[in-house]
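Values quoted throughout were computed directly from the atomic coordinates according to the rules given, and no laboratory measurement underlies them. The structure presented is a predicted model; accordingly, all values stated were derived computationally and were not measured. Cβ coordinates were reconstructed from backbone atoms using ideal geometry, including for glycine residues, and neighbour counts include every protein chain displayed.
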Amino acid sequence: MRKVAPKKCYSPDTGIKVVSAGKGNIGSLAENLVYLLIKDRGDVYYYNDANREVDFIVDNEAIEVKYMDELQPRDIESLRRIRLRKVLNKLVITRRDVPRMQDVNLISLWRFASRTGGNK
């Protein structure tokens, strides 16, 4: 079963998110921040197909948040295998800048956030 629909819940106040998710869940906070940066670009969806999930589909872009220092090929597998006609760009937002992996662009969270509203 494949779903492309709004499902996840994000907080407009990251302070509330810290209280509800806990300080130790930095990945959840990073994902919430990315949502706040992209929400004004249009309808934001998530993608779920069997055991694969992609955090955000917005405009023609699929975005996965992996707030970690090092990525392995398995960390981007869901994003690489996404098969939606409208997805032209695949982006992973990480803790630090890392080189492109296969057909997926990677960018650090701070660099992504420094762009106006997360836009290119």
*How about segment 29-120: which GluC sites (Glu not before Pro) there lie in a loop by DSSP and see at most 14 other Cβ atoms within 10 Å?*
Glu70
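How do Ser28, Ser114, Ser108 rank when sorted from fewest to most other Cβ atoms within 10 Å of their own Cβ?
Ser114, Ser108, Ser28
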*asked:* Quick one: 3J(HN,Hα) in Hz for segment 83-93, Karplus 6.51/-1.76/1.60 with θ = phi - 60°, rounded, Gly and Pro as x.
replied: 10, 10, 4, 7, 7, 9, 10, 10, 10, 10, 9
